[in-house]
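The values are calculated or read from the model by the stated rules, or taken from the named source; none is laboratory data. In this text the structure is predicted, and so the values were computed from the model without any measurement. Glycine also receives a Cβ, built like all others from the backbone with ideal geometry; neighbour counts cover every protein chain displayed.
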Amino acid sequence: MTRSPTPYRTLDPAGIRAFLAAQPALATRLGGQPDAWRVREVSDGNLNNVFLIDGPAGGVCFKQSLPHVRVDPDWKMPLDRTAFEAAYLRAVRPHVGNLTTELLHFDPDLFVLVVESLNGHVVLRHGLMQGGDWPKAAAAIGRFVARATFHTSPLALKFEASSALLAPFARNHTLTRITVDLVLTDPYHAHPRNHWLSPELDPIVANLRADPAVRRRVGQMQARFLTCQQALLHGDLHTGSVMVADQDSRVIDGEFALPGPIGFDCGLFVGNLLMHLFATPTPEGRTRALRDITQFWTHFRQDFTTLWTNAVAHSHSGDAYAAPLFRDDPTSLQQVQTQFLDAIEADTIAFAALEIIRRLTGYAHVADFDVIADRTARAARQEAALRLAQDLLAHPEHTSTVAALSARAADRAA
Ligand code: SR1
Ligand code: MG
């Protein structure tokens, strides 16, 4: 018997209850009767509706694509993003385990994604803004990126497998268009979607746009983003895409997944930690932000290298840097690993700069700076972050490592 498609409609709490009640595995997970389930809207991102549903036996997280941007109903958008998020979870969960959430259900007609509900977790950005500290979270995210990218790259896979895995994600046109426009292009020219905190930032924005060295580097990073398909990326790895609890860190919201340069995921995360560093009002908070940047990068680099070394040693490596060439030559293997990771580090620094610039002068801002009550002081901190970002792009030779980036950021944010 063929399944007749359910026409798309945006589900309200009653619709969500009925939807979940009709899925035996989900209804069992929640337990009890649907009338007793508590349905709470927790939509926080720009794009989708998100609800948490709790029953007597357990909880689930329900996410549905809307036919428009959630925060701007006039901006119409195809629905396919939750399908890409479901596909991303299927691709990376076997490699990252509980560093992300379990996919429980995907409905391709209603574009509904149901994942496990996280208990006692908070969004990392919100937690950091409230002065919270999760000393192990950044290392966990470094491990997540190392595993998710290594195992989906031709370093780990035969080319037939990597190309079959990556090809469907190259069609994530809707959300990749958002990144191309909002992250990589619009902030560098006059665009009606751009805005910034106050006129005090006008001169730095004008200066950035007028800087030919910035334009050249941004152009290079656009090309890198679009042509360097090293692995499957999360594609939107900011601190709002991470949930943390005492001993647990999870990456969520993989709807922007695409094949791309690994430094894009690293750069977005580092860029968001840098913005937290510039926004945080206390020296202790700044020390923690710098620690997190170091932890993230160190764990990413170490874990990626270890996965690669083990794959070559056990002849499980893919068609790039294939095991037969390097198995018996650890010196050469170490050299190519250093080259490869140094290139990711350079990308990370540049993409971190692009993330800062777009979050302060583009369409979609971040809340981190809201902790500074005084508007003039807030603008001054944003200007300091923008000046650093401009310098990172215009003079990449001044800052070639994440350690050097941290040192420069520490000086400017003090
Ligand atoms: C219209 S979407 C704007 C931003 O929200 C998402 O979280 C991505 O960061 C995107 O750039
Ligand atoms: Mg998101």
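Identify the single condition in (1) touching a His at 6+ places or on another chain (Cβ under 7 Å); (2) acidic (D, E); (3) closer than 24 Å to R216 by Cα that D342 does not satisfy, given that it satisfies every other one.
With respect to (1) touching a His at 6+ places or on another chain (Cβ under 7 Å); (2) acidic (D, E); (3) closer than 24 Å to R216 by Cα, D342 is out only on (1).
Quick one: in the range 220-277, of everything that is of a type in the set (D, E) and more than 13 Å from the chain's Cα centre (by Cα), which residue is farthest from ligand 2 (Cβ to nearest atom)?
Here the answer is D246.
Please give the number of the condition M243 fails out of (1) farther than 28 Å from D319 by Cα; (2) within 13 Å of ligand 1 (Cβ to nearest atom).
(2)
Please find, within the range 68-107, the residue that is farthest from F144 (Cα to Cα) out of those that are within 16 Å of ligand 2 (Cβ to nearest atom) and aromatic (F, W, Y).
Taking the candidates together, the pick is W75.
Applying the selection to the range 39-58, what residues are touching a residue at least 40 places away in the same chain (Cβ under 8 Å), more than 10 Å from ligand 2 (Cβ to nearest atom) and touching a helix residue (DSSP H, G or I) at 6+ places or on another chain (Cβ under 7 Å)?
I53, G58
Can you name every residue in the range 332-371 that is in contact (Cβ under 8 Å) with a residue 60 or more places away in the chain and among the charged types (D, E, K, R)?
E345, D347, E355, R358, R359, D368, D370
Under the condition of being aromatic (F, W, Y) and more than 16 Å from ligand 2 (Cβ to nearest atom), which residue from the range 327-377 is surrounded by the fewest Cβ atoms within 10 Å (Cβ to Cβ)?
F340
Which fully enclosed helices (runs of 4 or more DSSP H) of the range 141-216 have 1 or more residues being away from ligand 1 (no atom under 16 Å from the Cβ) and either among the β-branched types (V, I, T) or touching a residue at least 24 places away in the same chain (Cβ under 8 Å) (or both)?
In the range 141-216, 159-166, 202-210 are the helices (runs of 4 or more DSSP H) which contain 1 or more residues that are away from ligand 1 (no atom under 16 Å from the Cβ) and either among the β-branched types (V, I, T) or touching a residue at least 24 places away in the same chain (Cβ under 8 Å) (or both).
Tell me, please, whether a residue that is of a type in the set (D, E), assigned by TED's automatic domain parsing to the domain that holds D391 and under 19 Å from A410 (Cβ atoms) can be found in the range 251-267.
No: zero hits.
Results for (1) within 16 Å of ligand 1 (Cβ to nearest atom); (2) in contact with a Lys or Arg (Cβ under 7 Å, 6 or more places away or on another chain), shown as yes or no for each residue.
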| residue | (1), (2) |
| --- | --- |
| S43 | yes, yes |
| L52 | no, yes |
| V60 | no, yes |
| S65 | yes, yes |
| V69 | yes, no |
| M77 | yes, no |
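Counting only residues that are at pLDDT below 95 and over 27 Å from M77 (Cβ atoms), which one in the range 1-34 is nearest to the chain's Cα centre (by Cα)?
Here the residue is T2.
Taking the residues in the range 235-251 that are touching a strand residue (DSSP E or B) at 6+ places or on another chain (Cβ under 7 Å) and assigned to a strand (DSSP E or B) as candidates, determine which candidate is surrounded by the most Cβ atoms within 10 Å (Cβ to Cβ).
V242
Tally up the residues in the range 186-239 that are closer than 14 Å to A350 by Cα and polar (S, T, N, Q), please.
Summing the residues that are closer than 14 Å to A350 by Cα and polar (S, T, N, Q) in the range 186-239 gives 2.
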